[in-house]
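Only one structure is covered here, and it is reproduced in the block below.
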Amino acid sequence: MTEMNVIKQAIRDIINEMQDGTPTSASAPKGELGIFEDVNDAICAAKQAQKKYEELLLADRKEVIAAIREGMLPHAQEYAEKMVNETGMGRISHKRTKLEVAITKTPGVEDLYTEAETGDHGMTLHELSPYGVVGAVLPSTNPIETLVNNGIGMLAAGNAVFFSVHPGALNVSLDAVRQINTIIKDVIGIDNLFVTISNPSNDKVTTMMEHDDISLLVVTGGPGIVRKALTSGKKTIGAGAGNPPALVDETADIKLAAANIYEGGSFDNAVLCTAEKAVIVVDEVADELIAGFKDEGAFFLTNEQDIQKVLDLTFVDGRPNKDYIGKDAKVILEAAGFNVQGDPLLIMMDVAVDHPFVMQEMLMPILPVARAKDFEQAKQYTLDVEQGLHHTATMHSNNIKRMNDVSRATKTSIFIKNGASFAGLGINGEGPTTFTIATPTGEGTTTARHFARRRRCVLTEGFSLK
């Protein structure tokens with residue numbers, strides 16, 4: 001903490017003691033750098049921390065966020081390794097890229113823009129203010145990326161956060177909460193702006209969601225946990241399921257399309273909900289596209305028996321086999337009995353559009369290709385595969401009208417044209433990054449402004465200079 005921050009904090013502590021007669025830390029539940037045993041204790045501590053934080057200047061919030069960026073960036077490789085080692089999902093280099101983007105490209109307080117209206121009857125401001133304590137549910141697929149991304153945005157909005165961490169990523173998540181709380185305390189002297197519990201469970205998620213002091217729920221997880229949040233009676237931002245198709249028509253740069261789709265579909269072993277999960281290609285250029293995928297290094301299954309081997313391994317009781325979610329393509333292939341040379345990033349095959357690999361989001365590096373006779377059929381297949389989830393779609397074409405038509409028809413939160421899917425998250429693409437794509441609740445790609453309460457402030461008979 002800088003000398004000026006020490007002085008400011010001392011003044012705040014004196015004022016607080018004068019107001020309530022007790023030291024500021026006396027009634028706060030004790031945790032280890034934000035880690036508690038009890039949900040209620042954690043939320044109580046976060047509430048007290050948020051009250052102090054809300055009194056600070058926007059300049060203080062900026063300083064906190066800058067310190068988090070500076071403090072976390074050198075540890076991106078370390079956290080990437082810990083995530084892969086603990087969850088067993090994804091690739092270290094890709095995890096590192098995602099975390100670096102979350103650290104550097106998540107918007108801060110600059111996202112909290114003010115709207116103003118003036119006229120004969122004065123001035124009205126629309127401002128964005130804190131909710132209080134946010135309850136944020138994290139996934140196991142992108143645990144620290146989501147924690148950092150949501151955490152920066154929520155702090156920018158003036159909130160404290162209770163993170164409901166996934167048991168499958170518990171240790172690395174606790175490490176991140178401790179480290180970020182240490183960074184925050186060094187800057188502004190406030191403990192417990194991030195809190196969590198050391199023993200998460202489904203029952204404790206419910207306790208958190210129903211707690212009176214949780215003012216906003218932000219859920220990044222499966223459909224079941226999103227539904228639970230939506231029935232809680234709380235304001236909820238919920239990220240939903242997706243099955244992103246990649247449409248390729250005959251006007252596309254086929255070599256570039258193959259490279260982009262291969263890179264996006266294989267990124268972090270396809271655990272991103274935005275990753276290409278199926279390819280729909282106009283038959284006229286299908287063979288050329290498949291040749292491009294092979295040139296990129298895809299392991300292409302060429303007969304029904306081989307495709308069935310992988311399906312039997314990875315698809316159990318009508319659902320993806322959890323044992324292989326996020327695993328490397330080589331691990332899946334060798335478990336299915338294939339002799340694999342090198343390290344292919346994707347398993348691919350040419351199948352009908354109604355094949356389970358096409359219609360089910362696998363969250364594995366398995367990317368099927370389905371042929372359509374022409375663009376109109378490809379467009380319909382794309383809608384069928386996306387299944388009205390309105391999450392993400394990509395398209396490769398040089399026909400602007402077609403791209404516009406498909407974008408309008410899919411109504412997805414993210415639509416990428418002539419690029420890899422991760423461009424929609426700000427990775428090799430313009431715009432801020434996000435790891436909570438709130439399609440069911442309508443916010444889309446979330447940033448700090450979505451974690452703030454919109455308020456209207458009216459001044460009559462003045463401050464209109466028109």
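Ranking of Lys417, Lys95 by neighbouring Cβ atoms within 10 Å, starting from the fewest: Lys417, Lys95. Normalised by the number of residues in segment 245-431, the average gap of Cα pairs under 8 Å and 6 or more apart makes the relative contact order 31 percent. Give me the one-decimal Kirkwood hydrodynamic radius in Å for segment 82-218, with the sum taken over alpha-carbon pairs. Computed over segment 82-218, the radius equals 16.4 Å.
Each residue in Thr394, Thr207 was given a count of other beta-carbon atoms within 10 angstrom of its own, and listing them fewest first yields Thr207, Thr394.
Per residue, the convex hull around the alpha carbon atoms of segment 245-431 comes to 106 Å³. Give me the distance in nm between label points sitting 7 Å out from Cα along the Cα-to-Cβ direction at Lys30 and Phe463, one decimal. Between Lys30 and Phe463, the simple spin-label model gives 4.7 nm. For His396, His126, His75, the sequence from fewest to most other C-beta atoms within 10 Å is His126, His75, His396. Taken about its Cα centre, the chain carries a charge dipole of roughly 800 debye when the Cβ of each Lys and Arg holds +1 and the Cβ of each Asp and Glu holds -1.
Distance cut-off 22 Å, Cα to Cα: go down the list Lys379/Lys417; Lys294/Lys327; Lys373/Lys401; Lys82/Lys322; Lys52/Lys228; Lys277/Lys373 and report the pairs above it. Could the numbers behind the result be given before it?
Numbers: Lys379/Lys417 14 Å; Lys294/Lys327 20 Å; Lys373/Lys401 19 Å; Lys82/Lys322 20 Å; Lys52/Lys228 31 Å; Lys277/Lys373 20 Å.
The pairs that break the limit, which is 22 Å between Cα atoms, are Lys52/Lys228.
So if each residue of separation counts as 0.36 nm, and I subtract the Cα-Cα distance between Thr104 and Lys411, what length gain in nm does that give?
Details: separation 307, 0.36 × 307 = 110.52 nm, distance 2.88 nm.
Extra length available between Thr104 and Lys411 comes to 107.6 nm.
3J(HN,Hα) along segment 396-409: 10, 6, 10, 9, 4, 4, 4, 4, 5, 4, 5, 4, 5, 6 Hz, from the Karplus curve 6.51 cos²θ - 1.76 cosθ + 1.60 with θ = phi - 60°, whole Hz, x for Gly and Pro.
For segment 109-171, what's the relative contact order in percent, using C-alpha pairs closer than 8 Å and at least 6 residues apart? Here the relative contact order equals 35 percent.
No lab work stands behind these numbers, since they all come straight from the coordinates. Note that this is a predicted model, so its numbers are computed, not measured. As a convention, Cβ positions derive from the backbone with ideal geometry for all residues, glycine included, and neighbour counts pool all protein chains shown.
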